[in-house]
Amino acid sequence: MSRGYIIPDRKEIETSLRLAGEYGCAFEYNDFFIPEVLDDPAKQEEIIEFYARYRSDFSNDTMHGAFFDVTIHSSDPLIRDASVLRIHQSMEIAKRMGLKGVVFHTGRLAGFRSEKYLKLWHDINRWFFTELAETYPQQQIYMENMFDEAPDVLADLAESMKDISNFGICLDYAHAALTDFPLQGWLGTLAPYILHMHVNDNNLKDDLHQPVGDGQIDWKTFDSLIRKHQIEATTLVEVSGCEGQEKSLNYMRQHEIYPFYA
């Protein structure tokens, strides 16, 4: 089973396939969270058929689910219904392809710590994603920290759903690095629930999705924390474009950064 993942580029599919083979990576598809694609079954089928020409088995691959303005805990029923629709559309594509898992965002208002709001977020997400996991038992569901300011709210949800075998956390380490909360605390708090991770670099101020090694994130610290907390999770190098991906993969392999040990 591959532990490393890259985002395939349909315009450079041969290079994507070469990188996947050279570094032992699976694919995480970023083609299906775009609203125009979700609204166009023919376009979805066209994209699936494109990848099927190069891959006979998608079962180790993942995809990023809908996230633009997705807020299933909204008190506005129109927004809530649209959000539920987008998530189910994502899951249906994953089921159609036979993918391993789908990544969704927390959708929280960053920094808003109203007790009533946090309880609403927790209760609705627990109910909804429990039902979703039961409806799609063959797919793992990963919830990613977006601009969450700390790991506690996400950890509380994951703890309440720990018996749901196909639900877990996608830790976006670059997002965590943008917060004031210590990275040791992010890893220590979420470690029991992390099934998947996203990595890329930034300047510790902005979500830049730079190649790993090009920004200011300390990747040796990342690797030591992964080892310390004994995390074994699949890891996407969330960098667009084959050039940046290859630069990241080479950096991680040369410096023996999880999961690309030499």
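Laid out as a table, the results:
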quantity: Condition check for ILE48: buried (at least 20 other Cβ atoms within 10 Å of the Cβ), touching a helix residue (DSSP H, G or I) at 6+ places or on another chain (Cβ under 9 Å) and either in a helix (DSSP H, G or I) or at positive phi (or both); calculated: no
quantity: Residue check for THR135: touching a residue at least 40 places away in the same chain (Cβ under 8 Å) and more than 30 Å from LEU204 (Cβ to Cβ); calculated: yes
quantity: Condition check for TYR5: assigned to a strand (DSSP E or B) and not acidic (Asp, Glu); calculated: yes
quantity: Inter-residue pairs, beta-carbon under 6 Å, first closer than 13 Å to GLY188 by Cα and in region 216-241, second open to solvent by less than 50 Å² (accessible area, probe 1.4 Å) and of a type in the set (Gly, Ala, Ser), 6+ apart; calculated: HIS229/ALA191; ILE231/ALA191
quantity: Flag if GLU159 is touching a Gly at 6+ places or on another chain (Cβ under 7 Å), among the charged types (D, E, K, R) and free of Cβ contacts under 8 Å to residues at least 40 places away in the same chain; calculated: no
quantity: Unmet criterion (only one of (1) open to solvent by 30 Å² or more (accessible area, probe 1.4 Å); (2) assigned to a loop (DSSP other than H, G, I, E, B); (3) under 26 Å from ASN166 (Cα atoms); (4) at pLDDT 95 or above) for ARG86; calculated: (2)
quantity: Output for region 89-116, where each listed residue is in a loop (DSSP other than H, G, I, E, B) and in contact (Cβ under 8 Å) with a residue 40 or more places away in the chain; calculated: GLY98, LEU99, LYS100, THR106, GLY107, ARG108
quantity: Members of region 60-81 found to be small (Gly, Ala, Ser) and loosely packed, with under 12 Cβ neighbours inside 10 Å, listed by number; calculated: SER75
quantity: Filtered residues of region 98-138 (kept if modelled with pLDDT of 95 or more, open to solvent by 30 Å² or more (accessible area, probe 1.4 Å) and hydrophobic (A, V, I, L, M, F, W, C)); calculated: LEU118, LEU120, ILE124, TRP127
quantity: Qualifying residue in region 58-79 (condition: assigned to a helix (DSSP H, G or I) and touching a residue at least 12 places away in the same chain (Cβ under 8 Å)); calculated: no
quantity: Yes/no for ILE124 being assigned to a helix (DSSP H, G or I), among the β-branched types (Val, Ile, Thr), in contact (Cβ under 8 Å) with a residue 40 or more places away in the chain and in contact with a helix residue (DSSP H, G or I) (Cβ under 9 Å, 6 or more places away or on another chain); calculated: yes
quantity: Some residue of region 243-262 being polar (S, T, N, Q), within 17 Å of the chain's Cα centre (by Cα) and modelled with pLDDT of 95 or more; calculated: yes
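The values are calculated or read from the model by the stated rules, or taken from the named source; none is laboratory data. As the structure is a computational prediction, the values presented were derived from the model and not from experiment. Methodologically, a virtual Cβ is constructed for each residue, glycine included, from the backbone with ideal geometry; neighbour enumeration extends over all protein chains shown. Calculation scope for accessible area: heavy atoms of the full protein, side chains included, ligands and nucleic acids excluded. Shrake-Rupley method; radii C 1.70, N 1.55, O 1.52, S 1.80 Å.
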